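Reviewing the structure listed below.
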Amino acid sequence: MIIDYIIYIYVATCILLLLYNFIYMYKSKILDFMIQKYTTQFGVMLSKEFEHLKQDRPVSKAHIKMLQKKLLSLNSLIAYVDALKEYNTNPYLQSYLYQTSSAQQYLALKYIRKNDMHKSFFAYSISLYPPNFRNEYRPLLEILVGYLDHSSIYCRENVLKALYSIGNIYAVEMAFQFMNDHNLYHHPKLLADGLATFNGDKQALGSTLWNHIKDWDENLMLAIIYFISTSSSSFKEVFFPYVTSSHTHPEIRLEILRYYRRHTYEPIKEYLFQLLESDENVNLKIVASSVLSQYPGKDTIDHLKRALCHQNWYVRYNAAQSLSTLKTPKKELLDILHGTDQYAKEMLQYMFEHEGVKS
């Protein structure tokens, strides 16, 4: 009897799952049909407004009021974004977005009361079609920053994308300040990759954010250094006092050291030598032995050869790799190859085989 009941329950469960799948598929098809219908309707409305712009007439007030009303529905917002794709290359798109920004601000206030999914998509829609507020303050920017409060990572990422797309330095600074004040963790790699898409003056953005070195969490500052490394070579002198100071956070010092591998700065060379010879944090030695690959010279080769004898494997490996990158002649390394330090000898031989050091 018990087995019969189990079989009945199993069969009933399978039937319910099938029903659920059929209902889900049916609803999805209806939803797709409705979104397609809305997209067509928005397409007709947009064509009229873009025709107005072409004739040097402003976007109609009726259109702005319609957006404020219709786009409160997430499905309508999705359809509207789809309809705008047709105008991606239209020369009047920026004018349209600027003139309809009051509707965006109104909707932003409404969406702040909705759940994370709604807020995320609204922010995403702005990242796709940002109004040009690069050099002016608008309340919309502050409202978007407010979305970060108690937000999911997905929502936070979309809000930041929207701010990067708008290209307003003050807005990005405000968002980072908010994350710092509310202890919101966002992975430095995500932040750095996002900052790299900033639609404005990246040099000025880097300078503005770096000014908070003494105020913000190290994860935020690491992201800022990543970003600066890929966007500017003008921070060599600015970074120098921080990389040489033992009071700077260790991870920040390491990241600044890596900056000098990408952007060479002759005064750092002597400090790299000091790191290899000193008893400082071994991680600094590991990075220093890699950075020296960009600073050729007999003195560099001598210090790297000594680093080959270090007890740490990563120091030896990076030193050997740097010697390879510098195309050090084999005759310069004979004393190591014929020496008594087996570890240094094996590391060089390994690098000869995998990297190739030209005679």
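The values are calculated or read from the model by the stated rules, or taken from the named source; none is laboratory data. Given the structure is predicted, the values throughout are model-derived calculations rather than measurements. Note: ideal-geometry Cβ built from the backbone for every residue, glycine included; neighbour counts use all protein chains shown. Heavy atoms of the whole protein, side chains included, go into the accessibility calculation; ligands, DNA and RNA do not. Shrake-Rupley method; radii C 1.70, N 1.55, O 1.52, S 1.80 Å.
Things to note:
- Viscosity 1.567 mPa s, temperature 4 °C, Stokes-Einstein D of region 264-356 from Kirkwood C-alpha radius, µm²/s: 100 µm²/s
- Among 331, 119, 202: highest mean-square fluctuation, GNM of the chain, C-alpha pairs under 10 Å: 331
- Ellipsoid semi-axes in whole angstrom, largest first, where each is sqrt(5λ) of the Cα gyration tensor of region 174-225: 17, 13, 10
- Accessible surface, per residue, of region 1-147 when the full set of protein chains is kept, probe 1.4 Å, Å²: 63 Å²
- Region 181-234 and region 88-136 have Cα centres lying 24 Å from one another.
- Where only C-alpha atoms are counted, convex hull volume of region 203-359 per residue in Å³: 109 Å³
- Given the chain, longest segment not containing exposed loop chymotrypsin sites (Phe, Trp or Tyr not before Pro) (DSSP; at most 14 other Cβ within 10 Å): 186-359
- Among the listed pairs 69/161; 65/110; 37/69; 269/298; 298/327; 161/236, those beyond 20 Å (Cα-Cα): 69/161; 161/236
- Compactness of the chain, expressed as Rg and Dmax over alpha-carbon positions, Å: 29.1, 89
- Pairs of Cα atoms in region 55-123 fall into 5 Å distance bins, from 0 up to the last occupied one, in shares of 3, 15, 26, 27, 17, 8, 3, 1, 0 percent.
- Region 219-327: trypsin sites (Lys or Arg not before Pro) in DSSP loop, at most 12 other beta carbons within 10 Å: 327
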